[in-house]
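Notes for the one structure printed next.
The values are calculated or read from the model by the stated rules, or taken from the named source; none is laboratory data. This one's a predicted model, so the numbers in the text were calculated from it and none came from an experiment. Cβ placement follows ideal geometry from the backbone for every residue including glycine, while neighbour counts extend to all protein chains displayed.
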Amino acid sequence: MSYHGLIVAGFGGQGVMLLGQILSYSAMLGNKFTTWLPSYGPEMRGGTANCTVVVSDEYIASPVLDMPNEVLAFNIPSMFKFEQQLKKDGLLIINSSVIDREPKRTDINLFKVPANEIAEGLGNIKVQNMVMLGAYLGATDAIPLEVVEDALKHKLTGKKAALIDLNMRAIKEGMKATVK
């Protein structure tokens, strides 16, 4: 059975929610069970934001995770908060462009991804969230790349459709940072 219990966390405006939505929608397109549960801090833009995504081959009883298998941390407070909840031998992927500290735990699998630098190299810092999504896909094989591309095509319509190619390039670059 394939099961992925993921928390994606960072500041508002970093694309945390979009990453979770794309992953969850991809799971649906891939005929998997999925949940997406957003959580916002009390601040507006720049406050804390995280979402929980569960992807499974079997029915999901609850979207709430006490102990995630995987965490994507976009900033230092998110890393410190959610690494504590991560299961032993779980996966922690950090945006090393923003997080300049080491996690405290040594019983987890860690990938440091310079997501901002990779996104800047592609010409748009805003795709750093898609770099992190690619890093997650490379580390887990949770969802096939083709299905994620289909999800992007459903999510980015109208004028935003012009961003699909850039987002796919960002995902592929992120995958290179964690591929097994």
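Laid out as a table, the results:
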{"quantity": "Filter result for D165 (touching a residue at least 24 places away in the same chain (Cβ under 8 Å) and either in a helix (DSSP H, G or I) or buried (at least 24 other Cβ atoms within 10 Å of the Cβ) (or both))", "calculated": "no"}
{"quantity": "Condition broken by L23, with the remaining ones in (1) in a strand (DSSP E or B); (2) modelled with pLDDT of 95 or more; (3) of a type in the set (A, V, I, L, M, F, W, C) satisfied", "calculated": "(1)"}
{"quantity": "Single residue of L110, L166 found to be farther than 16 Å from S26 by Cβ, modelled with pLDDT of 95 or more and in contact with a strand residue (DSSP E or B) (Cβ under 8 Å, 6 or more places away or on another chain)", "calculated": "L110"}
{"quantity": "Subset of region 148-162 [charged (D, E, K, R), surrounded by 12 or more Cβ atoms within 10 Å (Cβ to Cβ) and within 25 Å of N116 (Cβ to Cβ)]", "calculated": "E149, K155"}
{"quantity": "Odd one out for G12, checked against (1) surrounded by fewer than 16 Cβ atoms within 10 Å (Cβ to Cβ); (2) of a type outside the set (A, V, I, L, M, F, W, C); (3) out of contact with any helix residue (DSSP H, G or I) (no Cβ under 6 Å at 6 or more places or on another chain)", "calculated": "(1)"}
{"quantity": "Test result for E102, charged (D, E, K, R) and touching a Pro at 6+ places or on another chain (Cβ under 6 Å)", "calculated": "no"}
{"quantity": "Residues being under 14 Å from Y3 (Cα atoms) and hydrophobic (A, V, I, L, M, F, W, C) - total across region 37-63", "calculated": "5"}
